[in-house]
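For reference, the structure discussed in these notes is given below.
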Amino acid sequence: MTFPRLAEIETELALPANDLVSFPCAFLRNVTLEGVAPYMRYAARRDGLDLELRWGAYDNILQEALGGGSGVVGSGERAIVVSLWLPAFSEQLGLAFAQAKPAEVEAEVARVQEYIAATLCALRARSAAPILWLGFEPPAWPSYGILDATMSHGHRAVIRGLNAYLATELASAGNAWFIDSAQCLERVGARQFYDWRYWYMAHSPFSRAGMAELASEIGKHVRALAGRTRKCLVLDCDNTLWGGIVGEDGIDGIRIGGEHPGSSYREFQQEALNLYSRGVILALCSKNNHDDVLEVFRTRPEMILREEHISSIRVNWQDKATNIREIAAELNIGLDSMVFADDSEFEINLVRSELPEVETMLLPAAQSAENRARLASCGLFDAMALTDEDRARGQMYRAEVARQTLRAHATDMGEYLASLEMRIVVQEVGDDDLDRVAQLCLRTNQFNLTTHRHTRDELAAIAAKPANSLHLLKLSDRYGDYGTIGFCMTMVQGAEAIVDTFLMSCRALGRGVETAFLATCAAAAHRKGGTVLRGAYIPTKKNALVADFYPRHGFQPIEREGAGQWYELDWNLGRIAVPPYLTVTVQEMREATERV
Amino acid sequence: MEQAAEQKLKSIVARVLQVDAATINEGASPATIASWDSLTHMQLVFALEEEYGVTLTEHQIADMTVYPRIVAIIDGMNQ
């Protein structure tokens, strides 16, 4: 992201802000890095987070990890950032590389590796928080000069090897992420990335531009970890997807592909299609005649984006804030998961003031050559994982819009639901599903009774106990596959079955599917001895939708220890009925069945 | 340096050091202001370079030992 000047950042950070979610973050480093703080805090605030940086003592990474130093690890942090700046840690690998004999280099590499392994091990013993570790920057001016590029154990090759080692160690530590500092260095350029005055005078190697880029990259990870990843890109058409105005220049007059500026718009579309392929929903919001825009999509062969990639279309003469609200309602997503891109400053400002939750992206037509990179570098859609379902999401949302159109025409709701021929599968969670489940826990805000953000590792530990049941819900109908749309986790203790988590994707609501899912999970818990089903509703800003979920299913409010309002349903007094128009299949894992 | 310009400079210094602008007087230095350490000193350099669009030399950075020196350095660069 691009940052304003420090004075403006400080002013904005000093303003009171409501509704920020606290995000304490431990930062371990062996150099002075305090200069990244305003940038990191500013980026986090844009994502609704109040980032509180807790600095580990200077040059005390391992000590902090072991619980010494300032004691910043294991104090409720939501992330741990580590920066082991190599030239400060190892003079031989940083500055004196050409001087070191091969055996010395090897020994020094082993020392760095041991330090990494020991730190990770100590961190994991003390904290389950996600670890974000900044990789080593390759030397821009390697010690062997031009010869380095052809040496198998040259300066840059050795640093590359260390990065590979670090990435592998992080992957095996679990919930730990390699931040590619080399990318930050490349974007800024080594001449601008470092400020050697600061290095020699304050042990701080990076320039303002360098720190801003590092903060931006860390910020992308924080955003994804905090579940603030944006899901939907709403695109203007004229002078955003193509050059010119279709209403004035005509279908054949607008510029797409070919020479500049058409070439820049075509490649911008390519970037949007990359996002689509990563699971971002695309929508159109344009002041135009609906048919003109559709004709461009259907008849201009240079168009990279096709009608099939667009999940929701609002091409009309209404104001854009209203249109974006309608798109959000049609797709059943929150405004805070949307990004609106337009070439017009007026439209951007309108949406900014009317719908502050929507992130906006100004794409000036006069700088059409920059716009592809603007979209590619924003990081707003970055997620910590990419599943097969992410890849198919665009199609699923498009099918949903088709269903809604049918519903608008159906007169009897029961008949309509029956006509969908819905089939649900309730499947016990296996190891392969854990990424997807963790993602659901992180991303689901509205239909989520408790909003417990379980990580992959937590889920794996819970799933290992036979008294616990973890089930995924899958749905398909005559229009297509919804994929995995729900997750339920129950824990049986004696006669009590606690519903720890019950969540569903909002795109499957209003069909009785949640009732069938709850009934099936209740039956599974009952088979493990849980005769009283108990669950809590923990209210958040977003989940009012499910405030009456338990009462609606015959549960009685009770007093019980633990957050939220608790409810219970006694198996002997009442059961939950599966709606007649739903076909339910239960898939238990074989091992699990044997275990019970 | 004109009074308005000096007020601006003073407010930048006060903001970075997180003290009241009134504290920034002729004698203000790392010896009199507790928050003025090597870290905030560099943050001061950050802020001044960004605000005035200048690049301070190593000598100038080392020379900013008391507030009037900062005034003189910035004044000299804006001439």
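Taken together, the values in this text are just the output of simple stated rules run on the coordinates, not laboratory data. Source: prediction; values computed, not measured. Here the Cβ positions follow ideal geometry from the backbone for every residue, glycine too, while neighbour counts run over all protein chains shown.
Per the Debye formula on identical point scatterers at the alpha carbon atoms of the stretch B:3-77, with no solvent, log10 I(q)/I(0) at q = 0.18 Å⁻¹ is -0.63. Apply the a/c threshold of 1.5 to the C-alpha gyration tensor of the stretch A:153-216 and tell me whether it is rounded, prolate or oblate. Prolate shape, in that a/c is at least 1.5 and a/b is the bigger ratio.
Peptides A:219-226, B:51-58 ranked from most to least packed, by the mean per-residue count of other Cβ atoms within 10 Å: A:219-226, B:51-58. Rounded, prolate or oblate: which fits the stretch A:30-95 when a ≥ b ≥ c are the square roots of the eigenvalues of the alpha-carbon gyration tensor, with rounded for a/c under 1.5 and prolate only if a/b beats b/c? In terms of gyration-tensor shape, oblate.
When only Cα pairs below 8 angstrom with a gap of at least 6 residues are kept, chain A shows a relative contact order of 9 percent. Taking a ≥ b ≥ c as the square roots of the eigenvalues of the Cα gyration tensor of the stretch A:286-395, is the shape rounded (a/c under 1.5), prolate (a/b larger than b/c) or oblate? Rounded, because the longest to shortest axis ratio a/c is under 1.5. Taken over the C-alpha atoms, the stretch A:363-502 has Rg and Dmax values of 19.5, 68 angstrom. The listed peptides B:65-77, A:84-96, A:561-573, ordered by packing as a protection proxy, come out as A:84-96, B:65-77, A:561-573 (highest mean of other Cβ atoms within 10 Å first).
For peptide B:15-28, the mean count of partner chain Cβ atoms within 10 Å of a residue's Cβ comes to 1. For chain A, taking a cut-off of 4.7 Å between Cβ atoms, the unpaired cysteines are A:Cys25, A:Cys121, A:Cys184, A:Cys232, A:Cys237, A:Cys285, A:Cys378, A:Cys441, A:Cys506. Averaged over peptide B:56-68, the number of partner chain Cβ atoms lying within 10 Å of each residue's Cβ comes to 1. With coordinates expressed along the principal axes, the C-alpha atoms belonging to the stretch A:88-234 extend over 51, 36, 32 Å, beginning with the largest. Loop-resident GluC sites (Glu not before Pro) (DSSP state other than H, G, I, E or B) in the stretch A:360-401 with no more than 16 further Cβ atoms inside 10 Å of their Cβ are absent. Lysine pair count for chain A with Cα-Cα distance under 25 Å and sequence separation of 8 or more or different chains is 14. Our compactness index for chain A, the C-alpha radius of gyration over the empirical 2.2 N^0.38 Å, is 1.07.
When restricted to Cα atoms, the stretch A:73-121 yields an Rg and a Dmax of 14.0, 44 Å, respectively.
Across peptide A:316-328, the average count of Cβ atoms from other chains found within 10 Å of a residue's Cβ is 0. Of the DSSP H helices in chain A, those with a Cα length along their own long axis of 24 Å or more and a mean Kyte-Doolittle hydropathy reaching -1.0 comprise A:102-126, A:155-173, A:208-225. In the stretch B:3-77, Cα pairs under 8 Å separated by at least six residues give a relative contact order of 32 percent.
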